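The values are calculated or read from the model by the stated rules, or taken from the named source; none is laboratory data. Quantities reported herein were computed from a predicted structural model and do not represent experimental measurements. Cβ: placed from backbone, ideal geometry, glycine included. Neighbour counts: every protein chain shown. The accessibility values were calculated without ligands, DNA or RNA, using every heavy atom of the protein model including side chains. Shrake-Rupley method; radii C 1.70, N 1.55, O 1.52, S 1.80 Å.
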Amino acid sequence: MNILCLAMAAMAMMGCGGSNDPVTDEPTPITPPGGGGETTPAIQITSILSLNITTDKALYRPGETIRFSIEGSVPSDARVRCRQGNTVVKDEALSGNSYTWTAPQQDFQGYMVDVYTKTSTTETIYGTVGVDVSSDWARFPRYGFVATYDRSKTTSVIAEETAFLNRCHINGIQYYDWHNKHHWPLGGTRTELLESYTDIANRPVVTSVVKDYIEQHHAYGMKTMFYNLCYGALNDGAQDGVQESWSLYTNTNRRRDVLSMPSGWKSDIYIMDPANKGWQDYLAERNDEVYANFDFDGFHIDQLGSRGTVYDYYGSQVNLPNGFASFINAMKAHHNDKRLVMNAVSGYGASQIGNTKQTDFMYTEMWGSEQMYSDIRDVINVNGTSSGGKNTIIAGYMNYGKSGSSGTFNTPGVLLTDAVIFALGGAHLELGDGHMLCHEYFPNSNLKMGSDLQTAIVRYYDFLVAYENLLRDGGNETTADIASTNSGVSISAWPPRLQTVCSYAKTVGSRQVVHLLNFRQANSLSWRDEQGNMPEPQLMSNLPLKLKASSVKKVWVASPDALGGVPQELSFKQEGDYITFTLPSLKYWTMIVIEH
């Protein structure tokens, strides 16, 4: 329910380019497994991460050419390595600052690509990047947004914004408040577009800017979704053909349901019955006009959550969640070739939305009533069950209590929340046209990303992509029997507890996956980090662990907080039904993978 807010004045945009400062990790001794505890020479792995590696698209079809560009000084003895999980699928010498790789034929696979040098005893990682080989964004959605379309958005500005979103592998864009009126989204008519118009907040929208965004997003393979409510009409709806009999009412005396907007905005928003066929046909015709003039890939459908008890024109009580399902099915029937996504605000209508099987993925905007880390798991599980296993995007606004004034995001709060969302199999709507979201009114850019967060967020999205098959490709939730032999470190199973490390586990095929999430220094179990005061967790190095796992073939770990996310194979010792090993590091999040 993004529209439910007081307007924020248009803010200056911020640049989201990654930091050019090299990131250095301490050397980590890694001993490859030697058959259950046999000793083998240790390989020292260190990272400099001085190279910025980019790809020319956010995702690739099987067999498509992947083009890498590398900024920085590439060592003369550098190699490039491509891995699926911990399995190397390609490793060869690298010459120069560009590289191409033909995407493997297997669909819906994530890869980690790194540039490194090696000797007989050491490896140094210079740069990493994730690669998504997927023929359809809907399998592993990563959603971003656009919220401003005025003349400040020149082609070069759009290019800079889009390049950063592509670096984070964002494969779909929500075009927030791009429209003229909720009931008449097109600025103009099918045959005569307006050069510019204003949105609900009377902000200028330039038609050519919207088209430029679409063109540049498509060049990276991103899907473009236009935003609108499923049931909104402005106060001039009647003169544009909207019938009052399509409305929702708050009582049987036909008092119309209306959402009040701030003073100075175009209009309040009158709520229609989403199940009313007349309204459905009307809006579908308006969408026809949109598709005839803009190359949008689909419709991002919004709602406002529960409206209490509401009635139709004839005095019958309306079941809004069922109406959402009816609306979705009608939009798909009218435009079968177009994609659909619908917001389940605070989970309202999620089952009905999911059961249609017509949306590309599930999308839930989470508020204060579901602010705990444990609520994230509940939302993802409900969404997956109702939709037949489709993935979830969480719209959650970080440091919300600071959104009314200028400042910076609290990096620890953002990273811990992303770690939890990603480990649980979701993705986070947070990155957009030059800023990160702190508020449901997407143009609000009061809070900026510091250089440390800009650098870290790229690592996190690389990790989300590289290990998407372990994070977001099914599996069965389990409880890991894991503990540290270090008496000062307590590990507890999900849900998170303060002063502990939280473990969340799944089996994915023959692999046992255990995520360790560090809440030892956390001051709250609310993912929102409302006031931006979540403390930075202390790095733990060489943490001894004991895990119940039998017939173990291999143990490896990976973290977005270390070595650019590359996997590290570990030595271990099998002792009956348990294995013991040493975890190289844990900052916010480390993933342990046991192969049997």
Please calculate how many Å² of accessible area the chain carries per residue, with a 1.4 Å probe and no DNA, RNA or ligand atoms counted. 35 Å²
Each residue of region 514-526 in order: what ³J(HN,Hα) in whole Hz does its phi give by Karplus 6.51 cos²θ - 1.76 cosθ + 1.60, θ = phi - 60°, with x for Gly and Pro? 10, 9, 10, 10, 8, 10, 5, 9, 4, 9, 7, 9, 9
State the extension gain, in nm to one decimal, for the chain segment bounded by Ser208 and Arg497, taking 0.36 nm per residue of separation less the distance between their alpha-carbons. 99.0 nm
Would you mind calculating the relative contact order of region 228-296 from Cα pairs under 8 angstrom and at least 6 residues apart, reporting the percent as a whole number? 32 percent
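Could you work out how much longer the chain between Gln44 and Asp577 gets when fully extended? Use 0.36 nm per residue separation minus the Cα distance between them, nm to one decimal. Working shown, then result.
On the way: separation 533, 0.36 × 533 = 191.88 nm, distance 2.96 nm.
So the chain would gain 188.9 nm between Gln44 and Asp577.
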For Lys266, list the aspartates and glutamates whose Cα falls under 18 Å from its own Cα; do not include residues on the same chain fewer than 8 positions away. Asp150, Asp177, Asp199, Asp236, Asp240, Asp257
Carbon and sulfur atoms: what percent of the 1.4 Å accessible area of the chain do they account for? 45 percent
Relative contact order as a percentage, the chain, C-alpha pairs under 8 Å and 6+ apart, gives 15 percent
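What does the charge count around Asp177 come to, taking other residues whose C-beta lies under 10 Å from its C-beta (Lys +1, Arg +1, Asp -1, Glu -1)?
0
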Give me the percent relative contact order of region 247-368, please, defined on Cα pairs under 8 angstrom at least 6 residues apart. 25 percent
Distance in nm between label sites at Glu285 and Ser98, each 7 Å beyond Cα in the beta-carbon direction? 5.2 nm
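With +1 assigned to the C-beta of every Lys and Arg and -1 to the C-beta of every Asp and Glu, and no other charges, what is the dipole magnitude of the chain about the Cα centre in debye, to the nearest 20? Mind dumping the intermediate values first?
Numbers: 46 positive and 62 negative charges, 172 e Å.
Around 820 debye, computed over the chain.
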Within straight cross-link reach of Lys390, meaning Cα distance under 20 Å, which lysines are found once same-chain residues fewer than 8 apart are removed? Lys223, Lys332, Lys338, Lys357, Lys506
Antiparallel content of DSSP bridges confined to the chain, in %, to 5: 70 percent
Calculated from DSSP helices alone, with each H run of at least 4 adding -39500 (n - 2.57) and the total divided by the residues of the chain, [θ]222 nm to the nearest 500 comes to -6000 deg cm²/dmol
